[in-house]
Amino acid sequence: MAKFLKIYKATRHFLPPIPGDPNAPYYIPKGIDGKPVNFLKAKPVTDTKLCNQCGLCAISCPMQSIDLQDPSQVPGICIKCQHCIQICPEHAKYFNDPDFLSHVQMLETNYTQLKKNQFFF
């Protein structure tokens with residue numbers, strides 16, 4: 001590690017600057033109308049008529065937030081990765097929070113073009 005720091009300190013002035021304002025506020029999610037939205041408490045909903053209680057959503061949740069005994073319950077913190085929705089073989093999981101859905105729609109509308117990867121060292 002010491003060797004790396006020595007090399008970094010000797011060469012950092014050759015590195016390109018990282019774009020953006022370092023004093024800017026943290027990312028604020030916006031809806032399709034461009035206004036800020038708050039969906040921190042949004043969690044996936046389960047259509048109990050479609051759910052077969054297989055538990056695949058609970059087993060694969062990266063936060064382990066879905067109750068394995070009752071997959072319709074999400075007592076833990078949801079990070080909105082939507083993995084449970086994608087993996088459900090019965091399509092029983094979905095989000096119904098209007099702010100979250102508006103944010104998803106904004107992302108799908110405004111960020112469809114593939115961007116070139118940038119690397120910052």
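The values are calculated or read from the model by the stated rules, or taken from the named source; none is laboratory data. Please read all numbers here as calculations on a predicted model, not as lab measurements. With ideal geometry, Cβ positions are generated from the backbone for all residues, glycine too; neighbour counts draw on all protein chains shown. Protein only, heavy atoms only, side chains kept; ligands, DNA and RNA dropped before computing areas. Shrake-Rupley method; radii C 1.70, N 1.55, O 1.52, S 1.80 Å.
Inspect all residues belonging to the range 1-14 and state whether any of them is assigned to a loop (DSSP other than H, G, I, E, B) and either of a type in the set (D, E, K, R) or surrounded by 10 or more Cβ atoms within 10 Å (Cβ to Cβ) (or both). Among the residues of the range 1-14, not one is assigned to a loop (DSSP other than H, G, I, E, B) and either of a type in the set (D, E, K, R) or surrounded by 10 or more Cβ atoms within 10 Å (Cβ to Cβ) (or both), which makes the answer no. Go through (1) in a loop (DSSP other than H, G, I, E, B); (2) farther than 29 Å from I32 by Cβ one by one and return the number of the condition I59 breaks. Looking at each condition in turn, I59 falls short on (1). Just give me the residues in the range 39-60 being surrounded by 13 or more Cβ atoms within 10 Å (Cβ to Cβ) and within 26 Å of I28 (Cβ to Cβ), in sequence order. Once the filter is applied, which keeps residues that are surrounded by 13 or more Cβ atoms within 10 Å (Cβ to Cβ) and within 26 Å of I28 (Cβ to Cβ), the range 39-60 yields F39, A42, K43, P44, V45.
Residues that are among the charged types (D, E, K, R) and either open to solvent by 80 Å² or more (accessible area, probe 1.4 Å) or part of a loop (DSSP other than H, G, I, E, B) (or both) within the range 72-121 comprise K80, E90, D97, E108, K115, K116, listed in sequence order. Across the range 29-48, not a single residue is classified as free of Cβ contacts under 8 Å to residues at least 12 places away in the same chain and in a helix (DSSP H, G or I).
In this structure, does K93 turn out to be in contact (Cβ under 8 Å) with a residue 40 or more places away in the chain and of a type in the set (K, R)? Here the answer is yes, as K93 does meet what is asked. Filtering the range 61-71 to residues that are more than 16 Å from L40 (Cβ to Cβ) and open to solvent by 30 Å² or more (accessible area, probe 1.4 Å) leaves P62, Q64, D67, L68, Q69, D70.
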